[in-house]
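Working notes, structure below.
Derivation of every value follows stated rules applied to the coordinates shown; laboratory data play no part. On a predicted model such as this, the values are computed, not experimentally measured, just so you know. Don't worry about glycine lacking a Cβ; one is built from the backbone with ideal geometry, like all the others, and counts go over all protein chains shown.
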Ligand code: SF4
């Protein structure tokens, strides 16, 4: 649930500065990794039309805001960003096309067109493969709104095979939508029902990424571990089966997946963590609250003990598993006792990292209608206490790596000299000096210090894995 600003990777596409006539595309991404993937795919769809990514809206020919509807603030930020874009567009006598994509577009398309006349088109998460056609139509008449009228398979079938990847890691969407209907969440309404891509389509995309030098895949889905795509043999494949097949692809060394629901953490997936070295020992498994009463009100469909027992089974299979989670504090009706239960669960699980938020009602969700809202100052105090505890655990986890040797996949250059930055198996950011020639390689690194958000390492040897 972190918020990112991610212009799509330029890949090998010539920059607008070096290629006269190339149209400049700026995509601002809000919300989760699925939106990051979608933004990359929008750039892929638009590349044949001559659009090349740029890292600023200033001077861009086409600006897309790929939005998130999870929290109220995220939606409001979109309107404020649109205000700035409108001024930019006016200063260029209208020579800029503005689109709103993603979940806010899906949920509030008409409202967006009404509130911000500078917007040329609105496109929902299942319809961005239609962007080229929409652009042509928009040149004739403003005001296109394309929502959920497309099936997810139609979108994936229409996307270009080639991806503009630049680096050794890539996101790969395998599942979309959610049937869980947690009472606070808009996702089932904006992204629709659970749907899994056929295994063959996923394997083909992964094979293409491996051929482009990708070594680490992060499989994405709103409920990724509910994956149940059709296998090539006509049977239904689970996420574990898919991961095992992906691990067979030459060049793919690491596999991650996010986000998971505790109820879909199947036995074969837990077993795969014990048996498949490609599956990295990091798992984002949100629980949201440690109180049974609040979990019921949230409609999470599991209790605290079930979650704690599940973590025990996962750690039995993979003892070094680093856990991550999401927490909501101040859910309607949450008492001090409920909150204490959350702190207690956090102490029992011991997280390597976590995301925590104050509850904010989302229109149209059942929780928004619960009358007993927690006062903001109480929620804020609780959030602070939870974040202090989670941060302590995160720092302790990072410091516990000091003296160990971890395999690091170097992804990009650092800020200074010949520094390079990569990821440990536990998804920690690791930087090391004199390593810029190792980008794209997996290298053993001795960890010499652990900070709040990163590790510092020293190269042990030149020979990469
Ligand atoms: S599992 Fe719950 S929180 Fe996650 S996307 Fe589905 S409804 Fe939202």
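Remarks
- Cα gyration tensor category, rounded, prolate or oblate, for region 17-90 with a/c compared to 1.5: oblate
- Spin-label pair residue 79-residue 399: with each label point 7 Å from Cα along the Cα-Cβ axis, the two points sit 4.5 nm from one another.
- Kirkwood's formula applied to the C-alpha pairs of region 154-399 gives a hydrodynamic radius of 19.2 angstrom.
- Residue 110 versus residue 179: modelled label distance in nm, points set 7 Å from Cα along the beta carbon direction: 3.0 nm
- Fraction of antiparallel bridges per DSSP, the chain only, in percent to nearest 5: 35 percent
- A simple packing score, the average count of other Cβ atoms within 10 Å per residue, orders the peptides 198-209, 96-107 as 96-107, 198-209, with the highest score first.
- Convex hull (Cα only) mean projected area of region 325-364, reported in nm² to one decimal: 3.3 nm²
- Residues residue 451 and residue 274, FRET efficiency given R0 of 25 Å [Cβ-Cβ distance, rounded to 0.05]: 0.20
- FRET efficiency estimate (nearest 0.05) - Cβ-Cβ, residue 437 to residue 211, R0 30 angstrom: 0.85
- Cα centroid separation, region 317-388 to region 68-87: 25 Å.
- Working value for the chain: equivalent-ellipsoid semi-axes of 34, 30, 22 Å, each the square root of 5 times a Cα gyration tensor eigenvalue, largest first.
- Based on the convex hull around the alpha carbon atoms, region 375-445 presents an average projected area of 6.2 nm².
- When each of the peptides 40-48, 376-384, 312-320 is scored by the mean number of other C-beta atoms lying within 10 Å of its residues, the order from highest to lowest reads 40-48, 376-384, 312-320.
- Fraction of beta bridges assigned by DSSP in region 200-281 that are antiparallel (%, nearest 5): 25 percent
- Region 253-361 - convex hull of the alpha-carbon atoms, volume per residue in Å³: 96 Å³
- Along each principal axis, Cα extent of region 405-459, largest first, Å: 23, 20, 16
- Share of Cα-Cα pairs in region 289-353 lying beyond 13 Å, as whole percent: 63 percent
- Its alpha carbons considered, region 171-303 gives a radius of gyration followed by a Dmax of 15.4, 50 Å.
- Cβ crowding within 10 Å ranks 355, 26 as 355, 26, fewest other Cβ atoms first.
- Projected label points at residue 137 and residue 193, each 7 Å from Cα along the beta carbon direction, are separated by 2.5 nanometres.
- Sum of -39500 (n - 2.57) over DSSP H runs of 4+, divided by residues of the chain (222 nm, nearest 500): -10500 deg cm²/dmol
- Projected-area average for region 302-428 over all orientations - Cα convex hull basis, square nanometres: 11.0 nm²
- Pairwise FRET efficiency - residue 153 versus residue 458, Cβ, R0 = 51 Å, nearest 0.05: 0.60
- Centre separation in Å (Cα based) which lies between region 418-433 and region 177-234: 27 Å
- Kirkwood-type hydrodynamic radius, region 24-65: 10.4 Å, calculated from all non-identical alpha-carbon pairs.
- Taking 0.36 nm per residue of separation and subtracting the current Cα-Cα distance, fully stretching the chain between residue 235 and residue 370 would add 44.3 nm.
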